[in-house]
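This report refers to the structure that appears directly beneath it.
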Amino acid sequence: MGDEANRRRLTYSVPKWLTVLALAFTGLTSAYMFTLVVPIQSELPHLLDAPREDTAWVVTITLLVAACATPISGRLGDMYGKRRIVLILIGFLLLGSVVAALSTNIAGVIVGRGLQGATTGVVPLGIAIMRDVLPRKRLGSAVALMSATMGVGGSVGMPVSAFIVENFDWHALFWVAAGLGVISLVLVIALVPESVLRTAGRFDFLGVVGLSIGLAGILLAISRGADWGWFSPATLGSGLGGVVVLLIWGWYQLRASAPLIDLRVAARPAVLFTNLTAICMGFALFGNNVLLPQLLELPTESGAGFGLGMFETALLVMPAGLLMMLISPISGWLEGKIGARAMLAIGSGAVALSYVYLLIWSDEIFHLFIANLIVGVGIGLSFAAMPMLIMRSVPAEETGVSNGINALARSLGTSTASAVMAAVLAAVSIDYNGVAVPTATAFNISFWIGAIVGIGAMVLSLLIPLRPFQQHHPSVPRD
C-alpha cells in the first residue's frame with residue numbers, strides 16, 4: 001500500500017513513454033563517453049604532445065571516476081532525489097566536455113574526461129526512476145531498454161566518432177558530447193518527474209572516501225599493470241593497497257549506523273550472484289569490443305587481420321548495439337514468461353557461444369559479424385535481466401545504490417578484460433614493419449578466455465535463487 005500510494009503521487013501530464021525515451025537518450029549519451037576518444041587513442045601522444053604513458057590517462061581517468069561515482073550517485077539519488085542527481089551528473093558531462101573541447105594540453109583533456117566519467121551514474125538512476133514511476137507491466141521492457149543503452153551507446157558511437165575524426169578537428173568530438181549533454185539536460189527537465197521515494201539518514205562521507213580510494217587502487221593496478229609491469233611496486237602497491245582499504249571500508253560499513261552501501265543486502269544470494277555474473281558479462285562484452293575491432297583493422301599481411309579502415313570496422317560492429325535495443329521490448333515479454341534468472345542464463349550462454357563460434361570460424365569477415373550479433377543478443381538479454389533481479393531483491397529505497405553497485409560490477413569486468421586481453425595480444429605478437437602486432441594464436445587464446453568467462457557467467461546465473469528476497473511491500477511495482 002505504501003509503495004502504491006507513493007506511485008500515485010507521481011502522476012504527471014507527460015506520457016510515460018516520453019519519460020522512458022528521455023532517460024534512454026541520457027543513457028546512450030553516457031555510454032558514448034567510453035568510446036568517444038577511441039578513434040584518436042593511438043594519436044593522442046602526437047595530438048597532446050605528451051608521452052604515451054601520460055595520454056593513457058585520457059581513457060583511464062574516465063574509467064576510475066565512473067567506477068567510483070556510480071554507487072555514490074546511486075546513494076545520493078536514493079537520499080536526495082534521483083532526478084536531481086541525474087541533472088547534476090549531466091552538468092558534470094557538460095562541464096567536462098567544454099573543458100576538454102577548449103583544451104590544447106593533456107591536463108585539460110584529462111580533467112574533462114574525468115568529469116565526463118561521472119555521468120555513468122545516470123543509467124542505474126534511470127532504472128531506479130523507472131521503477132518508481134512505471135506500472136509493473138511496462139517496467140521490464142523499459143528497464144531492458146535502459147540497460148541496453150550501455151552497449152548501444154558505445155556501438156553506435158564508434159562510427160560517429162570515426163566520422164568526426166576523419167572529417168573534423170579532434171576537438172569536435174567534445175563539442176558533440178557537449179551538444180548531446182544539452183539535449184539530455186532539456187529532455188530530463190521537461191519529461192522526467194521527480195520521485196518522492198527517499199532514504200532517510202545522513203550521507204556517509206567517510207564511506208565515500210574509503211570506497212573511492214579502494215576502487216581507485218584496484219582499478220589502477222588492473223588498467224595500468226601492463227604498462228607498469230604486473231609485479232612492479234606501483235602495480236602491487238595500488239592493487240594490494242586497494243584491497244586492504246576495501247576490507248577496512250567493509251568492516252566500517254557493517255558497523256556504521258547509516259552506511260553508504262548496506263553490505264548485508266549486497267550479500268543476499270540473489271544480489272551477490274547477480275553482481276558476480278555482471279563482472280563476467282562486463283568482461284565478455286568488453287573483451288569482444290577489444291578483440292573484434294583489432295582483428296578487423298590489422299593488415300592482412302600480418303597473417304591475422306582483415307585490413308579494414310576505422311569507419312568500416314565501426315559500421316560492422318554497430319549492428320550488435322542496435323540489436324540490443326531491438327531486443328528490449330522482447331526482453332520485457334520474455335522476462336514475464338520465463339523469469340529474469342532464465343533470461344540471464346540464456347544471455348550469458350549466448351555470449352559464451354559467440355566465443356566458441358570464433359574459435360571454430362574466424363577466417364572471414366562474415367564470421368566476425370555473426371559472432372558479434374550473437375554477443376548483441378546475449379548482452380541484450382543479460383543486461384535486461386540483471387536490474388530486474390536486483391530490484392526484486394532489495395528494498396525500494398535502495399534501488400539507486402543497488403543498481404549502481406551492479407553497474408560497478410560490470411565496470412570491474414570491463415577493466416579486467418581490457419587489461420587481460422591487451423596483455424595476451426601483446427605477449428603473443430610478431431614484428432610487422434617495426435610494430436608489434438598480435439598473431440592469430442593470440443586471438444585464439446583470447447577467445448578461449450572469453451568462452452571460459454562466459455561459461456562462468458552462466459554457472460553463476462544458475463546459482464541465483466529462484467525466489468529472491470521480497471520485502472513486505474514488493475520491490476518491483478505492480479499495477
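The values are calculated or read from the model by the stated rules, or taken from the named source; none is laboratory data. Since the structure is predicted, the reported quantities are computational estimates derived from the model, not experimental observations. Note that each Cβ is placed from the backbone with ideal geometry, even for glycine, and that neighbours are counted across all protein chains shown. What goes into the accessible areas is simple: the full protein's heavy atoms, side chains included, and nothing from ligands, DNA or RNA. Shrake-Rupley method; radii C 1.70, N 1.55, O 1.52, S 1.80 Å.
Odds and ends about this structure:
- Mean ellipticity per residue at 222 nm, deg cm²/dmol - from DSSP H runs of n ≥ 4 across the chain, formula -39500 (n - 2.57): -26000 deg cm²/dmol
- For the range 37-195, the alpha carbon convex hull comes to 105 Å³ per residue, rounded to a whole number.
- Remark: spin-label model distance V435-W333 equals 4.7 nm, labels positioned 7 Å along the Cα→Cβ axis.
- Surface composition of the chain: carbon plus sulfur atoms contribute 70% of the solvent-accessible area (1.4 Å probe, protein chains only, all chains present).
- Förster-model FRET efficiency, 45 Å R0, H171 and F231, C-beta, rounded to 0.05: 0.70
- Ordering V209, P293, L272 by Cα displacement along the dipole of the chain toward the positive end leaves L272 in first place; charges were set at the Cβ atoms of Lys, Arg (+1) and Asp, Glu (-1).
- Most to least accessible of D54, D262, D78 (protein chains only, probe 1.4 Å): D54, D262, D78
- Förster radius 51 Å - calculated FRET efficiency between S257 and L322, Cβ distance, rounded to 0.05: 0.60
- Test item: Cα-centred dipole of the chain, Lys/Arg +1 and Asp/Glu -1 on Cβ, debye: 2220 debye
- Scaled to the globular estimate 2.2 N^0.38 Å, the Cα spread of the chain, given as radius of gyration, is 0.93.
- Straight-distance candidates among the lysines for linking to K337, with alpha-carbon spacing under 22 Å and chain neighbours fewer than 8 residues away dropped: K137.
- Relative contact order, percent, the range 231-326 [alpha-carbon distance under 8 Å, six or more residues apart]: 11 percent
- To the nearest ten degrees, helix 16-32 and the longest principal axis of the Cα atoms of the chain are 30 degrees apart.
- Selection from L185, W230, A396, by position along the positive dipole direction of the chain (Cβ): A396
- 5 angstrom amide H check on I430, placed H, neighbours 5+ away: V437, T439
- Karplus-derived HN-Hα couplings along the range 174-190 (A = 6.51, B = -1.76, C = 1.60, θ = phi - 60°), whole Hz, x at Gly and Pro: 6, 5, 5, 4, 5, x, 5, x, 4, 4, 4, 4, 5, 4, 5, 4, 7
- Placing a label point 7 Å from the Cα of F203 along the Cα-to-Cβ direction, the residues of the range 60-87 whose backbone N falls under 11 Å of that point are 72-81, 85.
- Additional length obtainable on full extension of the chain from I183 to T300, 0.36 nm per residue less Cα span: 37.9 nm
- Taking the range 87-130 and dividing mean pair separation by its residue count, relative contact order in percent (alpha carbons under 8 Å, at least six apart): 42 percent
- Packing here is the average count of other Cβ atoms within 10 Å per residue, and on that basis the peptides 315-325, 229-239, 336-346, highest first, run 315-325, 336-346, 229-239.
- Gain on full stretching of the segment that runs from N105 to R268 - 0.36 nm per residue minus C-alpha separation: 54.0 nm
- Farthest towards the positive end of the charge dipole of the chain, among the residues G126, W361, L412, is the Cα of G126, using unit charges on the Cβ of Lys, Arg, Asp and Glu.
- Each residue, D54 and A426, gets one label point 7 Å from its Cα in the Cβ direction; the gap between the two is 1.9 nm.
- Whole-Hz Karplus values for the range 205-216 come out as 5, 5, x, 5, 4, x, 4, 5, 5, x, 5, 4 Hz, taken residue by residue from phi with 6.51 cos²θ - 1.76 cosθ + 1.60 and θ = phi - 60°; glycine and proline positions read x.
- Once the Kirkwood radius over Cα pairs is known for the range 321-371, the Stokes-Einstein relation at 20 °C and 1.002 mPa s delivers a diffusion coefficient of 174 µm²/s.
- The ellipsoid that matches the Cα gyration tensor of the range 25-65 has semi-axes, each √(5λ) in whole angstrom, of 22, 11, 6, with the longest given first.
- Averaging 1/r over every pair of different alpha carbons in the range 45-138 and inverting the result gives a Kirkwood radius of 14.2 Å.
- Label-point separation, V14 to L247 (7 Å along Cα→Cβ), nm: 4.7 nm
- Two-site FRET efficiency, E364 against L466, from Cβ-Cβ distance with R₀ of 56 Å, rounded to 0.05: 0.85
- Bridgeable aspartates and glutamates around K16 (alpha carbons under 20 Å apart, same-chain partners fewer than 8 residues away excluded): D3, E4, D132, E194, D479.
- Inter-part distance where the range 321-357 and the range 405-469 are each reduced to a Cα centre, Å: 19 Å
- Excluding ligands, DNA and RNA, the accessible surface per residue across the range 193-339 is 45 Å² with a 1.4 Å probe.
- Cβ-placed point charges (K, R +1; D, E -1), dipole of the range 67-193 about Cα centre in debye, nearest 20: 640 debye
- For the chain, averaging the sequence separation of C-alpha pairs within contact (under 8 Å, six or more residues apart) and dividing by the residue count gives a relative contact order of 23 percent.
- Taking all protein chains as they are arranged and a probe of 1.4 Å, the heavy atoms of T416 leave approximately 50 Å² accessible to solvent.
- Nearest-10 value in Å² for the accessible area of S302, using the 1.4 Å probe: 10 Å²
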